[in-house]
Structures are given as structure tokens and as C-alpha cells.
Amino acid sequence: MASFNVYSVLVVLFVTCGAVMATKENDRIIMENNCETKMGLPCVLEVFMSIFEIGSISNKCCGELVVLGKVCHSTLVKRTLENPLFKDLRPATIIAKSIQTWNNCLALIDSPSPSA
């Protein structure tokens, strides 16, 4: 539980201060696509935990991730990897988890609902 709180604080700090750490290109993409305003904080945390730690994503948050869009999703992951707080992570592993998360959510949202 304590590690979740630590990561929650880190995510909040990163979301609010991350622009200072990011490259200009990622900042431009994020700003032009309004990426930081398209998801609620609870879903941001869920997605973050599923990619950078261990966790699953609810259907609701998968929906928000798909609405966020692949460009925003990929750019926000790249920007997170540029943050010195995450320098010990393996980028290839994180990017693979990011792609897997995106594909799983996309398949979930695109699949037909079971009928009653």
C-alpha cells in the first residue's frame, strides 16, 4: 500500500512538473493533442501502475485510455522514461508493456458487448 502511495505522488509530481524534464518534441506533441487533460487521475494511476509496476486496468480506464489516443499514450510513456526518477527501468520492457496495455484496451473496447 505504501508503494502505491509513493507512486501516486510520483505520478502527480510528474504530471504537474514533467514538462520541465521532457524533450521539446514530446512537450509539443502533448500540448498540441491536449494529452494531459483527457484522462482522470484515477485512470492515469491505473494505467501507470499496469505499465510501470503490476496491475490491471478496469474497463472504464481502458475506455479513457483509448479516448486519450495512441499518440498521447506513447508520448506520455516516452516522457515518463525521460524522467530521472525512472532511470533504472528498462525502456524496452516498459515500451513493450505500454504497447501490450494499449492493444489489450483497444481489443476490449472494440469487442462487442455480451448480450443479455
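Where a number appears in this text, it was derived from the coordinates with a stated rule and is not lab data. Computed from a predicted structure; not experimentally measured. Here the Cβ is made from the backbone with ideal geometry for all residues, glycine too, and neighbour counts use every protein chain on show.
The distance between label points at ILE99 and ASN59 comes to 2.9 nm (points 7 Å beyond Cα on the Cα→Cβ vector). Summing charges over neighbours of ASN33, with a neighbour being any other residue whose Cβ is under 14 Å away from its Cβ, gives +1 when K and R count +1 and D and E count -1. To make sure I understand the rule: partners must be aspartates and glutamates, Cα under 15 Å from the Cα of LYS24, and not fewer than 8 residues away in the same chain. Which ones qualify? LYS24 reaches GLU32, GLU82.
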